[in-house]
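These notes are about the structure you will find just below.
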Amino acid sequence: MTERLCEIVKRRFPARNIAQPWVFCNTYADCKTGELRTGPFQYRKTILKTLCKKAGVARFSYHALRYSGASIMANRNVPIGAIQKILGHENRTTSEIYRHNVGNIEREAIAMYEQATKKSHTDSHTMIAMRAND
């Protein structure tokens with residue numbers, strides 16, 4: 001658990017409903033009986049969709065967050081055993097999937113791409129036109 005998530009849980013814990021054993025829970029209608037029930041929050045897709053909409057970003061999945069985090073840790077030389085434990089993989093080879101080190105050539109390519117995307121479409125055409133007039 002990250003420090004930030006730990007802080008969120010610490011804030012939520014005292015405000016929780018003492019009668020419920022969960023920090024994050026919701027009330028929902030049972031699909032079989034229609035009866036209102038309270039249980040652990042299970043609508044991750046709904047939460048993520050709402051958060052993405054509020055943030056103004058395209059929707060993505062929890063798996064993308066998991067993959068991104070594991071890849072970042074692997075590229076920062078976090079031991080694969082630690083990544084395996086964090087992700088809860090029983091088999092080490094499952095965690096090995098996230099181990100695709102990015103080399104200097106790839107880093108340079110990404111930096112060039114990021115630099116190019118900072119320039120607007122109009123600016124790039126203006127520069128080409130100015131070079132042509134020289």
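For residues that are at pLDDT 85 or above and of a type in the set (Lys, Arg), scanning just segment 82-105, find the one that is farthest from the chain's Cα centre (by Cα).
Per the stated criteria, the residue is 92.
Would you check if residue 38 is more than 20 Å from residue 5 (Cβ to Cβ) and either outside any loop (DSSP other than H, G, I, E, B) or under 13 Å from the mean Cα position of the chain (by Cα) (or both)?
Answer is yes for this residue.
Name every residue in segment 24-42 that is at pLDDT below 80 and more than 28 Å from residue 84 (Cβ to Cβ), in order of residue number.
Scanning segment 24-42 gives 25, 26, 27, 28, 39.
Every residue, every condition in (1) without any contact (Cβ under 8 Å) to a residue 24 or more places away in the chain; (2) of a type outside the set (Val, Ile, Thr); (3) assigned by TED's automatic domain parsing to the domain that holds residue 25, yes or no:
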| site | (1), (2), (3) |
| --- | --- |
| 49 | yes, yes, no |
| 52 | yes, yes, no |
| 63 | yes, yes, no |
| 67 | no, yes, no |
| 72 | yes, no, no |
| 75 | no, yes, no |
| 78 | yes, no, no |
| 83 | yes, no, no |
| 87 | yes, yes, no |
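Restricting to segment 38-73, give me the number of residues that are loosely packed, with under 12 Cβ neighbours inside 10 Å and either charged (D, E, K, R) or in contact with a Gly (Cβ under 9 Å, 6 or more places away or on another chain) (or both).
4
Per-residue answers, yes or no, for (1) in contact with an Asp or Glu (Cβ under 8 Å, 6 or more places away or on another chain); (2) closer than 19 Å to residue 6 by Cα; (3) not in a helix (DSSP H, G or I):
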position: 21; (1), (2), (3): no, yes, yes
position: 26; (1), (2), (3): no, no, yes
position: 50; (1), (2), (3): no, no, no
position: 57; (1), (2), (3): no, no, yes
position: 68; (1), (2), (3): no, no, no
position: 77; (1), (2), (3): no, no, yes
position: 83; (1), (2), (3): no, yes, no
position: 94; (1), (2), (3): no, no, no
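So in segment 1-37, with the set limited to residues that are farther than 29 Å from residue 69 by Cα and among the charged types (D, E, K, R), which one is surrounded by the fewest Cβ atoms within 10 Å (Cβ to Cβ)?
32
The values are calculated or read from the model by the stated rules, or taken from the named source; none is laboratory data. What you see is a predicted model; the values in this text were computed from it and never measured. Neighbour counts are summed over all protein chains in view; Cβ atoms, including those assigned to glycine, are modelled from backbone coordinates with ideal geometry.
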